[in-house]
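The values are calculated or read from the model by the stated rules, or taken from the named source; none is laboratory data. Because the structure is a prediction, the values reported are computed rather than measured. Here the Cβ positions follow ideal geometry from the backbone for every residue, glycine too, while neighbour counts run over all protein chains shown.
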Amino acid sequence: VLQKLIKAEKLQTVSHLAASISHEVRNPLTAARGFIQLLSSDIPDRTRKQYSDIALKELDRATEVINDYLTFAKPAPDRVEKININEEIQHAVNVVIPLATMNGTEIKLSLLDKDYFTKGEKKKFQQCLINILKNSIESMKSNGELKLTQSFTDGKIKIDIEDEGIGMTQEQINRLGEPYFTTKEKGTGLGMMVSYSIIKSMNGTIHVESEYGKGTCFTLILPIFQNDYFNN
Ligand code: ADP
Ligand code: MG
């Protein structure tokens, strides 16, 4: 019960964050601009190198925030689309393949033969899957395996995303989804918050099981809607 209360509180902060997100992008951009401006002044080469490194770091930061937060950055009205779960999983996996390859991660995909449909915003669902997949890949040093398994249980679709990465402590699991909670040097701590709120808006659930030093499994459960639901 306590866990649920905490999650509900976290979700309330999302709308506030949507308003402040431009801040999160503007600050590093302003910093980058300042240092780029300094590049054209009369400074030693070593200082010039330092300034350009800082500018690049700040630009990377802005990109990361946008990457994790993209769907909330623009206040689009909530559209409800018919989502082919298979298709969207395939698409999200394709997006993270370059990252996986760079990291030496092998992705094992196991999808159902039949197409199942849920409802929500395709783009947001994409964002959610990508954020979770990215975290799984980033949690593994090299030669790790990422298993994505889709199954059908109790009239719902279950998606398991399992990695062999560093895992999380109980304290980290408790803080998951909290804005700005990150253990990464270049992390935004926005990815999971975004993912939780997207799945909630789709009337689904996210469950996490993790063992520190062993790996993590995220489980998404989504309601299914039959074809005729969308034809009316
Ligand atoms: P970021 O990736 O920018 O740190 P997220 O909100 O995506 O922000 O994730 C928050 C934190 O949750 C991560 O920094 C990490 O500590 C933890 N985390 C999320 N997914 C995993 C995972 N698959 N394995 C280990 N830790 C994870
Ligand atoms: Mg992340």
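What the table shows:
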read-out	value
Enumeration of residues in the range 112-126 that are in contact with a Phe, Trp or Tyr (Cβ under 9 Å, 6 or more places away or on another chain) and either within 14 Å of ligand 2 (Cβ to nearest atom) or part of a helix (DSSP H, G or I) (or both)	Lys124
Condition met for Ile161 (within 16 Å of ligand 2 (Cβ to nearest atom), under 10 Å from Gly215 (Cβ atoms) and buried (at least 17 other Cβ atoms within 10 Å of the Cβ))	no
Cβ-Cβ under 7 Å pairs, at least 6 apart or on other chains, the range 208-232 side touching a residue at least 24 places away in the same chain (Cβ under 8 Å) and among the aliphatic types (A, V, I, L, M), far side surrounded by fewer than 11 Cβ atoms within 10 Å (Cβ to Cβ) and not in a strand (DSSP E or B)	Ile224/Gly155
Matching residues in the range 132-144 - criterion: being more than 8 Å from ligand 1 (Cβ to nearest atom) and assigned to a loop (DSSP other than H, G, I, E, B)	Met140, Lys141, Ser142, Asn143, Gly144
Matching residues in the range 175-232 - criterion: being among the hydroxyl-bearing types (Ser, Thr, Tyr), crowded, with 17+ Cβ neighbours inside 10 Å and more than 7 Å from ligand 1 (Cβ to nearest atom)	Ser195, Tyr196, Ser197, Ser201
Yes/no for Thr182 being within 11 Å of ligand 2 (Cβ to nearest atom) and either closer than 30 Å to Asn27 by Cβ or at pLDDT 90 or above (or both)	yes
Residue list for the range 127-158, filter: among the small types (Gly, Ala, Ser), touching a residue at least 60 places away in the same chain (Cβ under 8 Å) and surrounded by 17 or more Cβ atoms within 10 Å (Cβ to Cβ)	Ser136, Ser139
Those residues of the range 145-174 which are of a type in the set (S, T, N, Q), more than 6 Å from ligand 1 (Cβ to nearest atom) and in contact with a Phe, Trp or Tyr (Cβ under 9 Å, 6 or more places away or on another chain), in sequence order	Gln150, Thr169, Gln170
Which listed residue, of Ile137, Ile161, Ile157, Ile132, is touching an Asp or Glu at 6+ places or on another chain (Cβ under 9 Å) and among the aliphatic types (A, V, I, L, M)	Ile137
Count of residues meeting criterion [in a loop (DSSP other than H, G, I, E, B) and of a type outside the set (S, T, N, Q)] in the range 96-111	2
From Leu129, Leu148, residue being outside any helix (DSSP H, G or I) and within 15 Å of Phe218 (Cβ to Cβ)	Leu148
